[in-house]
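Report on one structure; see the data block that follows.
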2 protein chains.
Amino acid sequence: MDVFEALGAPHRRAIVELLGDGESTAGQIASHFSISRPAISQHLGVLVDAGVLHVRAAGRERRYSLRTESLAEVEDWLESQRVRWASALDRLSEAMDSGEGER
Amino acid sequence: MDVFEALGAPHRRAIVELLGDGESTAGQIASHFSISRPAISQHLGVLVDAGVLHVRAAGRERRYSLRTESLAEVEDWLESQRVRWASALDRLSEAMDSGEGER
DNA sequence: ACTGTATGTAAGCAATTGCTTACGCGTTGT
DNA sequence: ACAACGCGTAAGCAATTGCTTACATACAGT
């Protein structure tokens with residue numbers, strides 16, 4: 001599953017938001033939600049698979065943290081879309097300037 | 001369905017990429033994919049609902065175009081995440097500077 | 001060694017998703 | 001008026017998702 005799909009689920013986005021404050025353990029994360037701990041564990045698995053999170057074992061805990069590179073990946077995509085959109089607009093206004101009356 | 005979920009599906013992202021070149025009709029869009037036309041129609045519906053696309057009826061055609069504001073929404077979210085992440089790092093290094101030996 | 005704590009994994013299930021084919025409805029051209 | 005076109009909607013279906021409870025594993029504290 002890629003980054004976009006991973007961020008598609010609201011709960012997973014909420015997890016990312018939580019981790020914006022910094023690293024935290026699976027249990028701490030789960031405590032913020034009303035769904036079961038295993039459900040969170042599965043979401044965390046998806047996020048790690050997608051490269052959004054990084055896990056670090058620390059004793060019996062597992063500390064999750066954001067991998068900002070993955071968010072950058074999404075940002076890059078958006079950026080590239082905006083660029084293409086902008087140049088499409090350019091072409092459009094160019095066409096309107098020159099060929100106004102055509103069809 | 002919100003923008004994130006809408007962009008979660010690969011086909012829908014591909015549609016957005018297509019529309020980066022400018023407005024186009026449902027049929028034109030569908031012709032780029034191997035899935036059925038109704039399937040594309042449904043994806044278009046989702047994207048419009050999510051505010052990603054705008055439709056304009058033109059005779060018997062329907063012209064779809066990007067609503068860049070919605071992509072900006074996603075970008076804002078990412079941005080805000082990055083800000084929080086950055087300040088979390090600040091707090092961390094601050095803590096390390098001052099209280100090094102604690103814990 | 002033994003108990004409790006932190007966590008992932010397995011199995012099962014209802015709801016949702018992404019697709020298909022069949023159909024309906026307005027628009028265009030003759 | 002009528003045929004063909006462009007498109008959305010309905011119905012149905014298999015696959016996937018998001019959850020649950022129950023279980024397994026591994027470390028920590030006594």
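The values are calculated or read from the model by the stated rules, or taken from the named source; none is laboratory data. Just so it is clear, the model here is predicted, and its values are computed rather than measured. Counting neighbours? That spans all protein chains shown, and the Cβs are built from the backbone with ideal geometry, glycine included. To get the accessible areas, we keep the full protein, side chains included, count just its heavy atoms, and leave off ligands, DNA and RNA. Shrake-Rupley method; radii C 1.70, N 1.55, O 1.52, S 1.80 Å.
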Using alpha carbons only, how many angstrom separate the centre of region B:10-25 from the centre of region A:38-74?
30 Å
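Compute for chains A and B the buried accessible surface, both sides summed, probe 1.4 Å, and express it in Å² to the nearest 100.
Details: alone 7230 and 7260 Å², together 11900 Å².
Rounded to the nearest hundred, the buried surface is 2600 Å².
With only Lys, Arg, Asp and Glu charged, each at its Cβ (+1 for the first two, -1 for the last two), find how big the charge dipole of the protein assembly as shown is about the Cα centre; round to the nearest 20 debye.
Values: 24 positive and 34 negative charges, 198 e Å.
Roughly 960 debye, rounded to the nearest 20.
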Residues in region B:1-15, backbone N under 20 Å from the label point at A:ALA9 (7 Å along the Cα-to-beta-carbon vector): list them, ranges by number please.
B:1-13
Would you mind working out the magnitude of the charge dipole of region A:1-47 relative to its Cα centre, with +1 at each Lys and Arg C-beta and -1 at each Asp and Glu C-beta, to the nearest 20 Debye?
180 debye
Using Cα atoms only, what is the angle between the long axis of helix B:37-49 and the major principal axis of chain B, expressed in degrees (0 to 90) to the nearest 10?
50 degrees
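When a/c is below 1.5 the answer is rounded, else prolate if a/b is larger than b/c, else oblate, so apply that to the protein assembly as shown with a ≥ b ≥ c taken from the square roots of the Cα gyration tensor eigenvalues. Don't skip to the end; give the middle numbers.
On the way: a/c = 3.55, a/b = 2.04, b/c = 1.74.
Prolate, since a/c reaches 1.5 and a/b exceeds b/c.
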Rounded to the nearest 10 Å², what accessible area does A:ASP90 have for a 1.4 Å probe in the complete protein model?
90 Å²
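For every helix of n ≥ 4 consecutive DSSP H residues, a contribution of -39,500 (n - 2.57) applies; sum these over the protein assembly as shown, divide by its total residues, and give [θ] at 222 nm rounded to the nearest 500 deg cm²/dmol.
-20500 deg cm²/dmol
With r defined as the distance between the Cβ atoms of A:VAL55 and B:ALA39 and R0 fixed at 30 Å, what FRET efficiency is calculated, to the nearest 0.05? Don't jump to the answer; show the numbers that get you there.
Working: r = 37 Å, r/R0 = 1.23.
For R0 = 30 Å, the calculated efficiency reads 0.25.
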Provide the solvent-accessible area of A:HIS54, counting protein heavy atoms only and rolling a 1.4 Å probe, rounded to the nearest 10 Å².
90 Å²
Taking the Cα atoms only, what angle lies between the long axis of helix B:10-19 and the longest principal axis of chain B, rounded to 10 degrees?
70 degrees
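Carbon and sulfur together cover what percent of the accessible area of the protein assembly as shown at a 1.4 Å probe radius?
Working: 5830 of 11900 Å².
Summing carbon and sulfur atoms, their accessible area is 49 percent of the total for the protein assembly as shown.
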